[in-house]
């Protein structure tokens, strides 16, 4: 299963990252079974929680949990409805443009 799943990665660099994570998890599963898999996944989650990028948590808005920005980060709405930036990224200006101008804005693709 693990070998077949390696063909599904969209890019070579992502495939390499998945291999680096996959092999220790396979070894832990072989040595300790389900406890090894759980230990490996807990270690991976703890690592992601401690990781920062540009002074911000890597898992924003999941950690620290900010529900008001959850939809802005994980779901992409049309550009004309996105007049406000996510607060979790600490922007200098919270508003991209006024609500009145939102209907006139176009995305690059349009």
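Nothing in this text is a laboratory measurement; each read-out follows from the coordinates by a stated rule. Note that the structure is a prediction, hence the values are computed from the model and not measured. Positions of Cβ are backbone-derived with ideal geometry, glycine not excepted, and every protein chain shown enters the neighbour counts.
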Candidate values (1) 10.1; (2) 6.3; (3) 7.5, label of the one derived for mean projected area of the Cα convex hull in nm²: (1)
For residue 45 and residue 23, extending 7 Å from Cα along the Cα-Cβ vector and measuring point to point gives, in nm, a value of 2.6
Gain in length, residue 68 to residue 85, computed as 0.36 nm per residue apart minus the alpha-carbon separation, to one decimal in nm? 5.0 nm
Which of the peptides 39-47, 58-66 is most tightly packed, and how do the rest follow, judged by the mean count of other Cβ atoms within 10 Å per residue? 58-66, 39-47
Rounded to the nearest 10, the angle in degrees between the Cα long axis of helix 12-32 and the longest principal axis of the Cα atoms of the chain comes to 40
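How do 38, 1 line up, fewest other C-beta atoms within 10 Å first?
1, 38
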On Cα atoms only, tilt of 34-50 relative to the major axis of the chain in degrees: 30
Taking N as the number of residues in the stretch 1-66, what is its Cα Rg relative to 2.2 N^0.38 Å? 1.32
Relative contact order, percent, of the chain when contacts are C-alpha pairs under 8 Å separated by at least 6 residues? 13
